[in-house]
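The values are calculated or read from the model by the stated rules, or taken from the named source; none is laboratory data. Computed from a prediction, not measured in an experiment: that's the story for all the values here. Cβ coordinates were reconstructed from backbone atoms using ideal geometry, including for glycine residues, and neighbour counts include every protein chain displayed.
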Amino acid sequence: MSYKVGAIIIAGVLGLQMATPVFAVESPKVDKKGLVEELREKAGSRPGLLREFLTKGKAAIGSGTLSAINGTTLTVTTNDGKVITVLTDDKTQFRRRFWGKGSLSEMKAGDTVNVIGVWTDDTKTTIQARLVRDTSIQKRFGVFLGDVQSVTTDGFVIKTIARGMLTVTTTSSTKFVDRKEGAITKADVLVGHRVRVKGLWDKNGNTLTEVTHVKDFSLPVKPTETPTPTP
């Protein structure tokens, strides 16, 4: 059996919308072929974790609602109404909807989560989590093109075609360039300018943070053409 892994961890099991949201896998030979194959195909940088899950009867919540957060302990209600206590620790990995690295601090009650881990009790009501994915946190790095609508003290607001209004927050490390790749500053970006922004998009807040690059296509200003006089 090959345990060669791809770029992300255990994406297959957590991407599934399973009819039975809580289950235990007894061995790789159980009648869950699709689960096993997708795990094997899309697992990330920890083949040991995949191997352990496939061979030792680990547990997973395919989809559930985060009911409460108490310190590092989560309470998750599955789609069929079962309440599961999810324990997290320094070995637990957190992921967002688009598989970017997340954190416990950004999660909130009402979010939809996927969990993979280990049952800690015979009644199967408590899981020691090894991975928690919050699909309600829709953040991903991307490139966005839009027109500046307003300028703020730490950024600006742009209007995009596909994503509507986005509030852009820049930092001292953000690189600003004009369309010829010449260096400019944030102060050069004005209302009406066409810009391209690279940063972390948050769908819920319609924001772009952790911005690394801003390109202003309206600079340098193009010279006005003088019409040729008619003889």
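Scoring Leu104 on the criteria (1) surrounded by fewer than 16 Cβ atoms within 10 Å (Cβ to Cβ); (2) more than 16 Å from Thr135 (Cβ to Cβ) leaves a single failure, condition (2).
Could you please give the count of residues in region 123-134 that are touching a residue at least 60 places away in the same chain (Cβ under 8 Å) and more than 15 Å from Thr73 (Cα to Cα)?
1
Scan region 80-104 for residues that are of a type in the set (Gly, Ala, Ser) and either in contact with a helix residue (DSSP H, G or I) (Cβ under 7 Å, 6 or more places away or on another chain) or closer than 17 Å to Gln138 by Cβ (or both) and jot them down.
At the first step, the residues of region 80-104 found to be of a type in the set (Gly, Ala, Ser) are 81, 100, 102-103.
The answer is Gly100, Gly102, Ser103.
Using the structure shown, decide if Phe23 is at pLDDT below 85 and assigned to a strand (DSSP E or B). When the stated conditions are applied, Phe23 passes them.
Per the listing Val221, Val191, the residue uniquely aliphatic (A, V, I, L, M), modelled with pLDDT of 85 or more and in the same structural domain as Thr167 (by TED's automatic domain parsing) is Val191. When Val132 is tested against (1) in contact with a Lys or Arg (Cβ under 9 Å, 6 or more places away or on another chain); (2) at pLDDT below 95, exactly one condition is not met: (2).
Test of understanding: among Gln128, Gln149, which residue is in the same structural domain as Thr85 (by TED's automatic domain parsing) and assigned to a strand (DSSP E or B)?
Details: Gln149 fails: in the same structural domain as Thr85 (by TED's automatic domain parsing).
Only one candidate qualifies: Gln128.
Tell me, yes or no, whether region 136-146 has at least one residue that is in contact with a strand residue (DSSP E or B) (Cβ under 8 Å, 6 or more places away or on another chain), assigned to a loop (DSSP other than H, G, I, E, B) and loosely packed, with under 14 Cβ neighbours inside 10 Å.
Restricting attention to region 136-146, the residues satisfying the condition of being in contact with a strand residue (DSSP E or B) (Cβ under 8 Å, 6 or more places away or on another chain) are 136-146.
From the residues that got through so far, the ones that are assigned to a loop (DSSP other than H, G, I, E, B) too are 136-138.
In the following step, the residues that additionally are loosely packed, with under 14 Cβ neighbours inside 10 Å were identified as none.
Taking every residue of region 136-146 in turn, none turns out to be in contact with a strand residue (DSSP E or B) (Cβ under 8 Å, 6 or more places away or on another chain), assigned to a loop (DSSP other than H, G, I, E, B) and loosely packed, with under 14 Cβ neighbours inside 10 Å.
Across region 38-77, the number of residues qualifying as surrounded by fewer than 18 Cβ atoms within 10 Å (Cβ to Cβ) and modelled with pLDDT of 95 or more comes to 10. Only one entry in Thr185, Thr170, Thr174, Thr226 is modelled with pLDDT under 95 and not hydrophobic (A, V, I, L, M, F, W, C), namely Thr226.
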